[in-house]
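Structure, as structure tokens:
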Amino acid sequence: RIAVLGSTNMDLVAYTARAPGRGETVTGREFRTIPGGKGANQAVAAARAGGEVMMIGAVGDDAYGTLLRDGLEHAGVDTDLLHTAEGPSGTAHIVVDDTGSNAIVVVPGANGVLTALGPGEIAAIAASELLLMQLELPLSAVVEGARAAHAQGVRTILTPSPVQPLTDELYDHIDLLVPNEHEAAELSGQDEPHAAAQILLRKVPEVIITLGAKGCLYAARGGEPVLFEAPSVTAVDTTGAGDTFVGALAVALGEGRPVAGAVAFASSAAALCVQKPGASTSMPYRSEIEAS
Ligand code: ADP
């Protein structure tokens, strides 16, 4: 089983020819509300890719909270440890332009309430094979989850997004770090992915730096870094590409696939995701991944 300790947000997405500059108003073409949050997205991606998934987190007691919970359950994600907190759910305000690029403001809402884990969460993590985490929950909860997992030999995967400086206390409990190019540069102080990977390997034993359309760079301590190319596709919306990649990666690793096979599976899933609008709505099912 895969446990996801992370955020649920309602994505409020405006599609526009071009994103507004500072102080500018542009008229958009289309608006959608789509269940999201990096945690929930990774949970849905993993469930659709064929994983048995449990979501640990919190939604608000507003209408979005109900929709978010329903969305996860509909995807087959276990929500027994998805709490309902007083106040608004998390929201992400997203602008997608005609090149498929996005700009995002996240307001944490209920996600910010989860500062510590209870015995139920700790037990659920301990009973899993893998724990997926991101940085949209309070760092105290992330550190606690990572420590609990590590203590039980549960493999931990961290997506360091939104990127922020991390303590050794957290790094020490991470088995695999999966930053995108920008996050890798921020965390390592090195723009070049190979150089960034070498710095990050001082902190964690394995790193996958995702490089958008260029694919990803895998590096492990004591081994040669390997560049995996992404399938060549036409991107219409890259929102959720990284989360789809990680969710599918976790499923493949959990099934015992070697890294190269797991990355190929994850890359196929992410390439399918970028060809459709939205995040959770565009994540592929296992049959589609295997057919691609
Ligand atoms: P994030 O979405 O977190 O910013 P990336 O942009 O690096 O992360 O994308 C994550 C993964 O999604 C990439 O490693 C790649 O496998 C896939 N991907 C992203 N953009 C494209 C694209 N234009 N074509 C094919 N695959 C893509």
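The values are calculated or read from the model by the stated rules, or taken from the named source; none is laboratory data. Here the structure is a predicted model, which is why all the values come from computation and not from measurement. In this analysis, Cβ positions are derived from the backbone assuming ideal geometry, glycine residues included, and neighbour counts consider all displayed protein chains.
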Quick one: residue 52 ticks every box in (1) in contact with a strand residue (DSSP E or B) (Cβ under 6 Å, 6 or more places away or on another chain); (2) surrounded by fewer than 24 Cβ atoms within 10 Å (Cβ to Cβ); (3) closer than 23 Å to residue 268 by Cβ bar one, so which box is it? (1)
Going through (1) of a type in the set (D, E, K, R); (2) in contact with a helix residue (DSSP H, G or I) (Cβ under 9 Å, 6 or more places away or on another chain); (3) touching a residue at least 60 places away in the same chain (Cβ under 8 Å) one by one, residue 18 fails only at (2)
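Have a look at 185, 197, 220, 213 and point out the one that is of a type in the set (Gly, Ala, Ser), buried (at least 20 other Cβ atoms within 10 Å of the Cβ) and at pLDDT 95 or above.
When all the criteria are applied, what remains is 197.
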Restricting the range 133-169 to residues that are within 16 Å of the ligand (Cβ to nearest atom), of a type in the set (A, V, I, L, M) and part of a loop (DSSP other than H, G, I, E, B), the one surrounded by the fewest Cβ atoms within 10 Å (Cβ to Cβ) turns out to be 163
Filter the range 228-258 for residues that are β-branched (Val, Ile, Thr), modelled with pLDDT of 95 or more and under 18 Å from the mean Cα position of the chain (by Cα) and give the result. 244, 246, 251
Which strands (runs of 3 or more DSSP E) sit wholly inside the range 177-260 and have at least 1 residues that are among the aromatic types (Phe, Trp, Tyr) and within 11 Å of the ligand (Cβ to nearest atom)? 216-220, 226-228
What pairs can you find where one residue is in the range 180-192 and of a type outside the set (Phe, Trp, Tyr), the other is more than 14 Å from the ligand (Cβ to nearest atom) and in a loop (DSSP other than H, G, I, E, B), and their Cβ atoms are less than 6 Å apart, with a gap of 6+ or different chains? 185/191
Cross-chain or 6+ apart pairs with Cβ under 7 Å, the range 1-13 first and within 14 Å of residue 108 (Cβ to Cβ) and modelled with pLDDT of 95 or more, then among the basic types (Lys, Arg) and surrounded by 24 or more Cβ atoms within 10 Å (Cβ to Cβ): 6/38; 7/38
